[in-house]
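Undergrad: One structure is given below, represented as structure tokens, and several questions about it will come after.
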Amino acid sequence: MMQDFGRENTYNTESLQAMDNAHYLHPFSDHKSLREKGARMIVRAEGVYLWDSDGNKILDGMAGLWCTNIGYGQISVAEVAYNQMLELPYYNSFFQCAHPPVVELAKEIASVAPSHMNQVFFTGSGSESNDTVLRMVRHYWSAKGKPEKFNIISRRNGYHGSTVAGASLGGMKPMHQQGGLPIPGIVHIDQPYWFGEGGDLSPEEFGIKAAQALESAILDLGEDKVAAFIAEPIQGAGGVVIPPETYWPEIKRILAKYDILLVVDEVICGFGRTGEWFGTDLYGLEPDLMPIAKGMTSGYMPMGGVIVSDRVSAVLEEKGGEFNHGYTYSGHPVAAAVALENLRIIKEKQLIEYVRDDIGPYLQKRWQSLASHPLVGEARGVGLVGALELVKDKASRTRFDSELGVGGICRDISVENGLVMRAVGDTMIISPPLVITRDEVEELIAKAELALDLTLEKIQTLL
């Protein structure tokens, strides 16, 4: 891996790892194996690059966790946070209070949201946003005199956070196996994952079939018992599952027949990732609720929210009474100020247009060049998100034995050679910052191809 010698390294990696092992419980980690290996210590970042405590320079192909849309090192964001901390470092939105940054942010988000969505409930994260969705959906129907409309339909392998409600709404089996999840009142249907589950159907046929699972679930439960359907426009953490072109039109047709709410989870797709402000815009959807987070602040501060349609907000205001829900940090003034500056940068740099018209198409063209690699069964993507399916046999879409851990091998090799790619099983995924340049895309592709080559060499020794 290349090293950066332009900045003196003053970090003691072994000391940091010892402290980490002794005191820090990591999210989504096998702590026994992590402590045997030692965590990589990331110490600084700029643009699309990270540096670790040993001086290694790494291209961040995942924008942190799908979130650093404006890239690292935007000085104006730090200045805004500093100035807001001096003026009003914290106050809550309880007790009939508000403050300028949060009301200005709510107005700004409404200005870029679909025209029928004009109010925002703020949270601290995407997981909290989906907890709020569950509470708000059920409160909405109760306020309308229909508390029996309680069930929420979601998708297998979808991801909606890791809190109790968020993990229940999501459809990931490993999460459900811990903590007695999902909670009652949540039903999961098939995902629109043609490569993994489409069988002999064409993508178009499979898209319609996957969508029709929604209508089957509504009919099985009874329309009078179904409160909402929740889905990501593109399933992110589930492996960048991009639905066939027939999927969302069929979902829209089905939803038009029934009186249930549509929740479109925009935590990953929102704020430019797909080349539109929201994935909703890409697919022509009309949600009742949109959970948001990540790109709203580009990860510079933790913040989330739920954009609420006029249809829902009117009921909450006129019939809902007091909504007994909220968080200490709902609408935190520093986070709100940072989000405002982040949105200003997105607009000033025209990042939505850049992803839609320039760097998105360029990345997708170069990403498709990896489809010819012997390991790759499919290369797919939209905007600045992409996936590679690692397979044993391309023609039959046959996977490797899961015990080989091919995706994990590829991930580790990729990072060691200067590129963060994430592994979801044997699916490699990327989601780089929206500010990535064409030269940096070329670097990303070259490093991804090297990781594939080295992975192939290694697994040939294991078979």
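The values are calculated or read from the model by the stated rules, or taken from the named source; none is laboratory data. Computed from a predicted structure; not experimentally measured. Areas reflect the complete protein model, heavy atoms only, side chains present, ligands, DNA and RNA absent. Shrake-Rupley method; radii C 1.70, N 1.55, O 1.52, S 1.80 Å.
Undergrad: Output the relative contact order of the chain, whole-number percent, from Cα pairs under 8 angstrom with separation of 6+ residues.
TA: Relative contact order of the chain: 20 percent.
Undergrad: Compute the distance from the alpha-carbon center of region 252-311 to that of region 97-168, in whole Å.
TA: 10 Å
Undergrad: If I take every Cα pair under 8 Å that is 6 or more residues apart in region 92-240, average their sequence separation and divide by the length, what percent do I get for the relative contact order?
TA: Result for region 92-240 is 23 percent.
Undergrad: Determine which lysines satisfy two conditions relative to Lys319: a Cα distance under 18 Å, and not lying fewer than 8 residues away in the same chain.
TA: Once the sequence-local lysines are set aside, what remains near Lys319 is Lys144, Lys146, Lys149.
Undergrad: To continue, here is another question. When the accessible area of the chain is split by element with a 1.4 Å probe, what percent falls to carbon and sulfur?
TA: Roughly 52 percent, rounded to a whole number.
Undergrad: Oh, and also: Whenever you get a sec, line up Phe121, Phe150 from highest to lowest accessible area (probe 1.4 Å, protein heavy atoms).
TA: Largest to smallest exposure gives the sequence Phe150, Phe121.
Undergrad: Accessible surface of His31 in the full protein assembly, 1.4 angstrom probe, to the nearest 10 Å²?
TA: Its heavy atoms expose roughly 40 Å² to the probe.
Undergrad: Right, here's the next one. Beyond a 23 Å Cα-Cα separation, which of these cross-linked pairs lie in this structure: Lys32/Lys392; Lys294/Lys394; Lys225/Lys252; Lys347/Lys447?
TA: Lys32/Lys392; Lys294/Lys394; Lys347/Lys447
Undergrad: Moving on to the next point. Please identify the DSSP H helices in the chain that span no less than 20 Å along the helix axis (Cα) and have a mean Kyte-Doolittle hydropathy of 0.5 or more.
TA: 333-348
Undergrad: Please state, as a whole number in µm²/s, the translational diffusion coefficient that the Stokes-Einstein equation yields for region 301-340 at 37 °C and 0.692 mPa s, with Rh defined as the Kirkwood radius across alpha carbon pairs.
TA: In µm²/s, the coefficient rounds to 274.
Undergrad: Another one. For a distance above 27 Å, tell me the whole-number percent of Cα pairs in the chain that qualify.
TA: The proportion of pairs with Cα distances above 27 Å equals 56 percent.
Undergrad: Could you put Phe400, Phe95 in order of accessible surface area, largest first, with the 1.4 Å probe and the full protein assembly present?
TA: Result of the area sort, largest leading: Phe95, Phe400.
Undergrad: If you stretched the chain out fully between Glu204 and Ile183, how much longer would it get, using 0.36 nm times the residue separation minus the C-alpha to C-alpha distance?
TA: 4.2 nm
Undergrad: Can I ask one more? Find the eigenvalues of the gyration tensor of the Cα atoms of region 104-237, then list the square roots of 5 times those eigenvalues as equivalent ellipsoid semi-axes, largest first, in whole angstrom.
TA: 26, 19, 17
Undergrad: Could you pull the accessible area for Trp66 with a 1.4 Å probe, rounded to 10 Å²?
TA: 10 Å²
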